[in-house]
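The values are calculated or read from the model by the stated rules, or taken from the named source; none is laboratory data. In this text, all values refer to a predicted model and were calculated from it rather than measured experimentally. Cβ sites come from the backbone with ideal geometry, for glycine too, and all protein chains shown count toward neighbours.
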Amino acid sequence: MARLLAIDYGTKRIGIAVTDELQIIASGLTTVATKDIYKFLKTYTSTEQVELFLVGEPKQMNNEASESEVSIAKFLVTLEKTFPKIPIKRVDERFTSKMAFQTMIDSGLNKGQRKNKALVDEISATIILQSYLYNQ
């Protein structure tokens, strides 16, 4: 089996999480500068089989798309062109940043460590991936 790869898109950083090959466990992988994402994904997919990209879908409380959806839509077009054989699914990502921050508190990270936005993005991607696995 191939891995599932989750993406928490941001204009500065992108959090990445992956499953194990059996698609049971979601784990944070890294955070990548947005400008470097395609290079990172090309390198990663050259060494690991990826079955599906899961991209966070930010929505407002009234279920309408958030302002960041414009940037994500452009990203999705290029992602699909760059990796035409890997399907893309969207996953509702409401509250993932808050859940990631709470996870950091629950894990005992101090205030300085909790200010690490890259770690928040990575944990958010993991939550997106875990949510998808749970709902399958």
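When you scan the range 53-62, do you find a residue that is within 20 Å of Y134 (Cβ to Cβ), at pLDDT below 85 and surrounded by 13 or more Cβ atoms within 10 Å (Cβ to Cβ), even just one? Looking for residues that are within 20 Å of Y134 (Cβ to Cβ), at pLDDT below 85 and surrounded by 13 or more Cβ atoms within 10 Å (Cβ to Cβ), one finds at least one in the range 53-62, hence yes. Would you confirm whether or not the range 71-86 contains a residue that is outside any helix (DSSP H, G or I) and under 25 Å from L119 (Cβ atoms)? The answer is no; no qualifying residue exists.
Annotation: of all residues in the range 35-50 being touching a residue at least 40 places away in the same chain (Cβ under 8 Å) and surrounded by fewer than 21 Cβ atoms within 10 Å (Cβ to Cβ), the one that is nearest to I86 (Cα to Cα) is V50. Answer yes if at least one residue in the range 34-47 is part of a loop (DSSP other than H, G, I, E, B) and either more than 15 Å from T126 (Cα to Cα) or modelled with pLDDT under 95 (or both), and no otherwise. No, because not a single residue in the range 34-47 is part of a loop (DSSP other than H, G, I, E, B) and either more than 15 Å from T126 (Cα to Cα) or modelled with pLDDT under 95 (or both). Contact map, the range 70-84: first residue in contact (Cβ under 8 Å) with a residue 24 or more places away in the chain and among the hydrophobic types (A, V, I, L, M, F, W, C), second residue assigned to a loop (DSSP other than H, G, I, E, B) and crowded, with 16+ Cβ neighbours inside 10 Å, Cβ cut-off under 9 Å, separation 6 or more or different chains; pairs are I72/Y9; I72/P58; F75/Y9; L79/I86.
Quick grid of which residues meet (1) in contact with an Asp or Glu (Cβ under 9 Å, 6 or more places away or on another chain); (2) over 14 Å from T126 (Cα atoms); (3) at pLDDT below 95; (4) not basic (K, R):
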site: G28; (1), (2), (3), (4): yes, no, yes, yes
site: E64; (1), (2), (3), (4): no, yes, yes, yes
site: D92; (1), (2), (3), (4): yes, no, yes, yes
site: K98; (1), (2), (3), (4): no, no, yes, no
site: L109; (1), (2), (3), (4): no, yes, yes, yes
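On inspection, L4 qualifies as under 17 Å from I127 (Cα atoms), of a type outside the set (V, I, T) and crowded, with 17+ Cβ neighbours inside 10 Å. Comparison of R13, R3 shows that the only residue that is of a type outside the set (A, V, I, L, M, F, W, C) and within 19 Å of P87 (Cβ to Cβ) is R3.
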